[in-house]
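J.: Pasting a structure below so you can have a look.
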Amino acid sequence: MQQIPTQPSTPRPSPIGRWLSVLVALTLWTTAGLVIPLALPGCGVTEIPDSVFYPLRSNPLVNLDKAPASAPPAFPPPGKPEVSLKWLEDQGVPILNPDSLEKAPWGTEWREEVNTFLLSQFGTPAKPRVGTEGVDGFATIAKLSETLQLTPAVLERGSKQYRRLCLHCHGLGGEGAGATSGWLNPLPRDFRQGEFKFISTAEHKLESGFQPLKARPRREDILRTLHLGLEGTSMPSFGLLAREDVEALASYTLHLSIRGEVEYWALFYALRQDPETLKAVEKDPAKESRNRAIRFLSGALEWEDPEADVEDFVSKAKGSLLPAGMAKLLDRILREYAAADKNPILPMVDPYPSDQPTPAQSLANGLKIFQAQCVNCHAGYGRQSALRFDNWGGVVRPANLTVPVYKGGRRPVDLYYRIIRGIPPCGMPKANVQEGDPARQAWDLVRFLMALPYPDSLPSDIRQQIHGGAKQ
Amino acid sequence: MPLDPGNSPVPKATESAGFALDWSAPEHALPLIITGMAFVIWLCAFRFRKAWAAIVGINTAAVAAYTAWSARNGHWLPEKANDLAGEVDGLFNMVMVLITVFFILTQCVLIYAMLQKSPEGGRAKPVHGNHTLELVWTLIPGALLVYIAIAQLPTWAKMKGQNAGALLPSGYEVASDPADLLVTVTGKQWEWRMRYADPSGNKPEDPIQWASTPATADVHVVNELHAWKGAKVRLMLRTTDVIHSFFLPQFRFKQDMLPGKTIPALLHTDKTNINPDGTERSWEIACAELCGGNHYRMRGRVVIHPDRESFMTWLNERKSGQSARKEPLASADKPPANPMAGKQE
Amino acid sequence: MSQTQALPKTETGHVGHHQPGFVGRYIFSTDHKVIGIQYLFSAILFLLVGGGLALLVRLQVGYPDESIGILTRFIPGLAKHIPAEWGGRMSPEFYTMLFTMHATVMIFLVIIPWLTGAFGNFLIPLMIGAKDMAFPILNMLSYWFMWPAFGLLMASFFVDGGASGVGWTAYPTLSSADLADGSYASPAARHAGLGQTLWLLAIFFAGVSSMMGSVNYITTVLHLRAPGMSLLRMPLTVWSLFITAILQAVALPALTVAAIMQLSDKVFGTVFFLPPGGAQFGAWSTGAGGGQPLLWQHLFWFYSHPAVYIMLLPAMGMVSDILPVFARKPLFGYRPMVYSMSAIAGLGFIVWGHHMFQSGMDPRVGAAFMVATIMIALPSAVKTFNWLATLWGADIRFTASMLNAMGFVSMFVIGGLSGIFMAVAPVDVNVHDTYFIVAHIHYVLFLSTLFGLFAATQFWFPKMFGRCMSESLGKLHFALTFVLANCTFYPMHILGIGGHPRRYFDPTLYEYLQPFQPLNRFMTISAVLLGLAQLIFLGNFLFSLAFGKKASANPWDSNTLEWQAPSPPPHGNFETTPVVVRGPYEFGGDGPADHQPQTATA
């Protein structure tokens, strides 16, 4: 069939079709005017919505009262930090799951009281703060947060920067489980345990004579990490930010850490009780809250004379005991951070002038100390380091010291800090350099570590021992 | 898993509900206005079918005018940090001029064709082609293209480290080269780790070897590239993980870093970004090859000191900070007097 | 199903054809027309998906700190990428997934299927006077191989780690690095694990689908032409699809093989793309390799540069057919058009290196690629001049189809001319991986190819469904798309010249990019409007299927063979095999009719 139309039959729009199109178009653009504003959210570029709150802690706490018996078999697979917790659990280390609080009849109420306290004392991401009026001992808390640069103005600035720069790794509440964290190794730090790895704080006691609950960092340590990053990890350097922003970020990190730690202890001491005890407490509701508070506070605050002090505390506390106890805990944590700033490690004077070549004897001494104290973990100078658990229930590997990459900083004084103080949350002990000439021993070890990665700077016998025959 | 969010006194986090698109801002209002114009042209075309030429015409004019406006108002090539950047921009401008001519020409022909009167008798002449015309519009652009191809070769050679005048580049080898400063840049997810060779003068014998095995006296810096005006900087580009691309917009410099390879590159610095009054014009380093989710975070800073002395001062300061045995905080780690602020507040 | 309504219902009682059931006729059909229409529907569906992804990308760039939490109400599975406790801000990883999937969907599931799948299938047999494709079952398989690709891509959003987020170029080691323990976990990026494996499988399926199609086209064009249909009497649509099929048949195996290599790197632990030293990611390491990341780039671009022409040539061919019909004037320079298309295809194979000027490839090789690349501009220029000459002195009928075709010509000029910058290596090094490239590819693929597709869809719709699409809505769609697409994509040139790198989650981090942020917002608003404008096309398409004006066999007074068959053509296409007596572009002149169909005797 061949059809050859002779007349042009280009379709021309009918008048009805034309007006219909106009109608359709107008409807569409009216809709567009409505849809775009709804679909596109606000323009407050750096504003944090008031409706955002710090998340409740839901991931397990590792009870470190019992140390793991054996080393982890490997790093947990990317995005699955829970695997290493499972390994710990298999070794009999108690893993405290906040969800199990529900089992106790008063668990929900406990959680609520904790959350209310946290919300009132630490605010929201939009309005972060540390301490508000109406809590026991507010005067000292306010003074301490001033000293520690935790004022609302600084924290608000820090919060905004944190939201832009840190949140996707460290998470909204500093839980170290942001969207990017999934495959990072080492994992982003979970701030909520109050622990920091790279610190330059000398061991000290508080004015009250107690040990700090955790090894506290100095503010300078946090600033150093922010400025230079942690080489060898995914923590980048923020040295290009404005000075005030870095300071604000340091303050905000402290804020998250303190908030998290208060929550941590409150959950920790509630969860550490075995269910039977918890049930027994339930039978006597009048004693219940008191017992809870005692248990919590006596655990966290280490009273000198628990019975007497607690009686005293209970009689003075207004209203519920738990918030009062937490306020006391908050006060103590703030005091610990303030004390840490006042107790830096003051390096002993290096017996060798730094501008002269390292004496071979010094390296040999350093090697001797290293072989006596360090090779257990840094096997093969760190080349064959065995993995181990850290205080977060994660897995870490003692550093490979034949490569000049230093997470905590590459200055000699940084290595000195690590040697003198260790890395408490990872179980790296401080080196024993007390006997003989401590300064010489410490600096010999530092000097040896600094020469270790560079075969050329080692005497031939040591080089032979460490790097084998071939000169690199 | 929170306990029971329903019972919790802490409300559940929700997404932002706020909305405040500022419709008076030109960037928000303009698209709607332009849409309205297209709408009007569509309506007019029911009556005057040749109104369609207007849409092409307005578009052409708008594109040309907007480009010219951008070029005059700083939305254009960044500041030139060296002579090579000038040469690259010269090529850019040459191409720009040529394509502008062709663009305007072709659009005008199209618009004319849309506006022209119907041929007599309603029937167009059945022209099937024209050899002469075909030859003309093959040979003229052809000649221009050949010219562009040849004209760019010396710049390309220079860009890849050849001396001026060479027509073809050489491979990636480091000859006994005249570089004044040796820097290894190691890209990693997601930052740049810079390593400056010993400033006291012991140049590594084999830069490629040195790039992968650090020396004791190297100075380590994060995210900051320093040099001085007039220096020839030999960059050794490496990466430990994925492909990154070291992008210096002001230098018109971009070079990928390949895992497993050390790529040498030469950077000329003919201009300082320190103003006479001591303030710093911000020159930044960016990553130009997707390297993971935080690709956008690989921001760095370039400082070209006005002279070698101030560079050496900076480097020695860094060096002494790096060998600090006492100071709790090395002063060298403090940010500079005029840090680039993050975001405008 | 509107699709089934519109298909031919009449049976022609063709000798040798058994009566297929519903499934055989409309779903697993071997009829080239049904397959073509299946492709068309799929491509339009995927266009919506791909466009939606693009809008999310634009929202993030324009408003980096803002909430898209509303999405999780509709797709709860996305909550892990858009965590509510962040105030509904998307994660940087989700952003990379979005642009990766946008590119993949648009290239492999929209443009290529729409051009070669839908129109290739529907038009080739009709235009050369054949009853069907040479291999009908292969043809059906080719369509159904595309669905696993789509399914895998969409499913990958919901697997552990999310969809692939390593860019559609999938450069190793970001995409290929895996832990030495044999798990699917990639230390390079969470979304380069299982998601990337699924992506590679999807590419494999899409590749196989296209290869089956191209073998079919080549055979059909070479063997099934009607009597008198010499190669140089074929309409340019057929020529372009033929050349495209050759390009695909030669280039696609390279990509498919490369995808298999990367797949085996990821699944079996081979090290084709892993350098000898391996890769270090914090405390992770991949173990030693023995390969070269650059190898992937060569293999990938050996396909993907010709792919640009695969995505452009058929649109050029169809526009070359549409322009003369509405200009009522023969195509200017038929032979130069054929030669230039062949030249583009030929040169297209030796210019892939211009994607790699800054990649660490030897600069001497770069110089060679640069010269080849710059010469490829020439055939494109020749084509443009010929189109313009076709319109010169013509009696233009301003139909929606013609407007889109002229939009193609106008916008292809920008896309082509901006390509010259990329051929000038020193300039390319500067604009490489900036928004300038994004602008260029969108001028070629969106403003050129997609306009060609809109023109072609509007043009052949009557033949496909026996009804016409609404002209008014079609023109409105053109006007808005033309203007808004320019608003969306033209400023990207300026961003790129200013050095704005592409694929940045939050450009405001950079001081030198902050002045461009209002521009980014402008483009975002334009893009949203542009997306809405596509709903007009969709509405017009669906509406016209059911209520469009009934079309005659030859509503546009065209010459080519498909218009000699009824609308829609029955099974077997032609009642008697047509005999071709002249070329396809005999318009105008002083004869009795202003056009002379290819079959009619003079």
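The values are calculated or read from the model by the stated rules, or taken from the named source; none is laboratory data. Computed from a prediction, not measured in an experiment: that's the story for all the values here. Backbone-built Cβ (ideal geometry, glycine too); neighbour counts: all protein chains shown. Please note that ligands, DNA and RNA were not included when accessible areas were found on the heavy atoms of the full protein model with its side chains. Shrake-Rupley method; radii C 1.70, N 1.55, O 1.52, S 1.80 Å.
J.: Within the group C:N554, C:N540, C:N520, which residue is over 22 Å from the mean Cα position of the chain (by Cα) and more than 7 Å from every other protein chain (Cβ to nearest Cβ)?
T.: Numbers: C:N554 fails: more than 7 Å from every other protein chain (Cβ to nearest Cβ); C:N540 fails: over 22 Å from the mean Cα position of the chain (by Cα).
The unique qualifying residue is C:N520.
J.: Moving on. Please determine, by comparing only the residues of the range C:313-334 that are more than 14 Å from chain B (Cβ to nearest Cβ) and over 15 Å from C:V382 (Cα atoms), which one is surrounded by the most Cβ atoms within 10 Å (Cβ to Cβ).
T.: So the residue we want is C:P314.
J.: Please note which helices (runs of 4 or more DSSP H) are completely contained in the range C:370-472 and include at least 3 residues that are hydroxyl-bearing (S, T, Y). Full working, then the answer.
T.: Details: elements: C:377-391, C:400-423, C:425-431, C:435-444, C:451-465.
In the range C:370-472, C:377-391, C:400-423 are the helices (runs of 4 or more DSSP H) which contain 3 or more residues that are hydroxyl-bearing (S, T, Y).
J.: Let me ask something else about it. Among the listed residues C:L115, C:L201, identify the single one that is assigned to a helix (DSSP H, G or I), of a type outside the set (S, T, Y) and closer than 30 Å to B:K261 by Cβ. First the steps, then the outcome.
T.: Numbers: C:L115 fails: closer than 30 Å to B:K261 by Cβ.
Checking each option against the conditions leaves just C:L201.
J.: So C:L447 fits all but one of (1) more than 9 Å from chain B (Cβ to nearest Cβ); (2) surrounded by fewer than 23 Cβ atoms within 10 Å (Cβ to Cβ); what number is the exception?
T.: (2)
J.: Another question, then. Please work out which one of (1) part of a loop (DSSP other than H, G, I, E, B); (2) at the interface with another protein chain (Cβ under 10 Å from one of its Cβ atoms); (3) surrounded by fewer than 21 Cβ atoms within 10 Å (Cβ to Cβ) is the condition A:G92 fails and give its number.
T.: (2)
J.: Quick one: in the range C:96-119, which of the residues that are in contact with a His (Cβ under 9 Å, 6 or more places away or on another chain) and of a type outside the set (A, V, I, L, M) is nearest to C:F465 (Cα to Cα)?
T.: C:T100
J.: So, of the residues in the range A:190-233 that are within 14 Å of chain B (Cβ to nearest Cβ) and at positive phi, which turns out to be most open to solvent (accessible area, probe 1.4 Å)? Walk me through it before giving the result.
T.: Narrowing the range A:190-233 to residues within 14 Å of chain B (Cβ to nearest Cβ): A:198-202, A:217-233.
Restricting the remaining residues to those that are at positive phi gives A:229, A:232.
Values: A:G229: 3, A:G232: 25 Å².
So the residue we want is A:G232.
Residue by residue, here is whether (1) open to solvent by 10 Å² or more (accessible area, probe 1.4 Å); (2) within 26 Å of the chain's Cα centre (by Cα); (3) within 14 Å of chain B (Cβ to nearest Cβ) holds:
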| site | (1), (2), (3) |
| --- | --- |
| C:I260 | yes, yes, no |
| C:G269 | yes, no, no |
| C:S285 | yes, no, yes |
| C:L295 | yes, yes, yes |
| C:P336 | yes, yes, yes |
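J.: Could you pull out every one of the strands (runs of 3 or more DSSP E) wholly within the range B:200-289 that has 2 or more residues that are surrounded by 19 or more Cβ atoms within 10 Å (Cβ to Cβ) and within 14 Å of chain C (Cβ to nearest Cβ)? Outline the logic, then answer.
T.: Numbers: elements: B:219-222, B:224-228, B:232-239, B:244-248, B:253-257, B:263-268, B:283-287.
Of the strands (runs of 3 or more DSSP E) lying wholly inside the range B:200-289, those with at least 2 residues that are surrounded by 19 or more Cβ atoms within 10 Å (Cβ to Cβ) and within 14 Å of chain C (Cβ to nearest Cβ) span B:232-239, B:244-248, B:253-257, B:263-268, B:283-287.
J.: Okay, next question. Considering only residues of the range A:380-410 that are open to solvent by less than 30 Å² (accessible area, probe 1.4 Å) and of a type in the set (S, T, N, Q), which is farthest from B:V221 (Cα to Cα)?
T.: For the range A:380-410, the residue satisfying everything is A:S385.
J.: Of the conditions (1) among the charged types (D, E, K, R); (2) farther than 30 Å from A:Y406 by Cβ; (3) in contact with an Asp or Glu (Cβ under 7 Å, 6 or more places away or on another chain), A:E175 fails just one. Which one is it?
T.: (2)
A quick yes/no check of all residues on (1) open to solvent by 40 Å² or more (accessible area, probe 1.4 Å); (2) out of contact with any helix residue (DSSP H, G or I) (no Cβ under 8 Å at 6 or more places or on another chain); (3) in contact (Cβ under 8 Å) with a residue 24 or more places away in the chain; (4) of a type outside the set (S, T, N, Q):
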site	(1), (2), (3), (4)
A:L61	no, no, yes, yes
A:P76	no, no, yes, yes
A:P81	yes, yes, yes, yes
A:L85	no, yes, yes, yes
A:L119	yes, yes, yes, yes
A:T132	no, no, no, no
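J.: May I ask you to say which residue of A:Y406, A:Y454, A:Y417 is aromatic (F, W, Y) and modelled with pLDDT under 90?
T.: Numbers: A:Y406 fails: modelled with pLDDT under 90; A:Y417 fails: modelled with pLDDT under 90.
Of the residues listed, the single one that is aromatic (F, W, Y) and modelled with pLDDT under 90 is A:Y454.
J.: A further question on this structure: Could you tell me whether A:G158 is more than 14 Å from chain C (Cβ to nearest Cβ), crowded, with 20+ Cβ neighbours inside 10 Å and either among the small types (G, A, S) or in a helix (DSSP H, G or I) (or both)?
T.: Working: more than 14 Å from chain C (Cβ to nearest Cβ): yes; crowded, with 20+ Cβ neighbours inside 10 Å: yes; either among the small types (G, A, S) or in a helix (DSSP H, G or I) (or both): yes.
Considered against the rule, which asks whether it is more than 14 Å from chain C (Cβ to nearest Cβ), crowded, with 20+ Cβ neighbours inside 10 Å and either among the small types (G, A, S) or in a helix (DSSP H, G or I) (or both), A:G158 comes out as yes.
J.: If you check C:G393 against the conditions, is it surrounded by fewer than 23 Cβ atoms within 10 Å (Cβ to Cβ) and more than 24 Å from C:L252 (Cα to Cα)? Step through it out loud before you land on a result.
T.: On the way: surrounded by fewer than 23 Cβ atoms within 10 Å (Cβ to Cβ): yes; more than 24 Å from C:L252 (Cα to Cα): yes.
Yes; evaluated as a whole, the condition is true for this residue.
J.: Also: So is A:R57 in a helix (DSSP H, G or I), farther than 22 Å from A:P398 by Cβ, modelled with pLDDT under 90 and open to solvent by less than 30 Å² (accessible area, probe 1.4 Å) or not? Reasoning before the result, please.
T.: Numbers: in a helix (DSSP H, G or I): no; farther than 22 Å from A:P398 by Cβ: yes; modelled with pLDDT under 90: yes; open to solvent by less than 30 Å² (accessible area, probe 1.4 Å): yes.
No; evaluated as a whole, the condition is false for this residue.
J.: Can you pull out every residue in the range C:151-172 that is out of contact with any His (no Cβ under 9 Å at 6 or more places or on another chain), part of a loop (DSSP other than H, G, I, E, B) and at pLDDT below 90?
T.: Correct list: C:F158, C:V159, C:D160.
J.: Take C:R364 and decide whether it is within 24 Å of C:L299 (Cβ to Cβ) and among the charged types (D, E, K, R).
T.: Numbers: within 24 Å of C:L299 (Cβ to Cβ): yes; among the charged types (D, E, K, R): yes.
In short, yes.
J.: Can you tell me which of C:T508, C:T481, C:T560 is over 22 Å from the mean Cα position of the chain (by Cα), more than 7 Å from every other protein chain (Cβ to nearest Cβ) and of a type in the set (V, I, T)? Steps first, please.
T.: Details: C:T508 fails: more than 7 Å from every other protein chain (Cβ to nearest Cβ); C:T481 fails: over 22 Å from the mean Cα position of the chain (by Cα).
Of the residues listed, the single one that is over 22 Å from the mean Cα position of the chain (by Cα), more than 7 Å from every other protein chain (Cβ to nearest Cβ) and of a type in the set (V, I, T) is C:T560.
J.: Please give the number of the condition C:E562 fails out of (1) open to solvent by 10 Å² or more (accessible area, probe 1.4 Å); (2) within 23 Å of C:Y26 (Cβ to Cβ).
T.: Single failed check for C:E562: (1).
J.: Would you check if C:I70 is buried (at least 20 other Cβ atoms within 10 Å of the Cβ) and either within 10 Å of chain B (Cβ to nearest Cβ) or closer than 30 Å to C:P136 by Cβ (or both)? Lay out the reasoning, then the answer.
T.: Working: buried (at least 20 other Cβ atoms within 10 Å of the Cβ): no; either within 10 Å of chain B (Cβ to nearest Cβ) or closer than 30 Å to C:P136 by Cβ (or both): yes.
Against the criterion (buried (at least 20 other Cβ atoms within 10 Å of the Cβ) and either within 10 Å of chain B (Cβ to nearest Cβ) or closer than 30 Å to C:P136 by Cβ (or both)), C:I70 does not qualify.
J.: Restricting the search to the range B:30-49, which residues are more than 8 Å from every other protein chain (Cβ to nearest Cβ) and either aliphatic (A, V, I, L, M) or more than 20 Å from C:A527 (Cα to Cα) (or both)? Let's see the steps before the verdict.
T.: From the range B:30-49, those more than 8 Å from every other protein chain (Cβ to nearest Cβ) are B:33, B:36, B:40, B:44, B:47-48; that's our starting set.
Hits for the range B:30-49 are B:I33, B:V40, B:C44, B:R47, B:F48.
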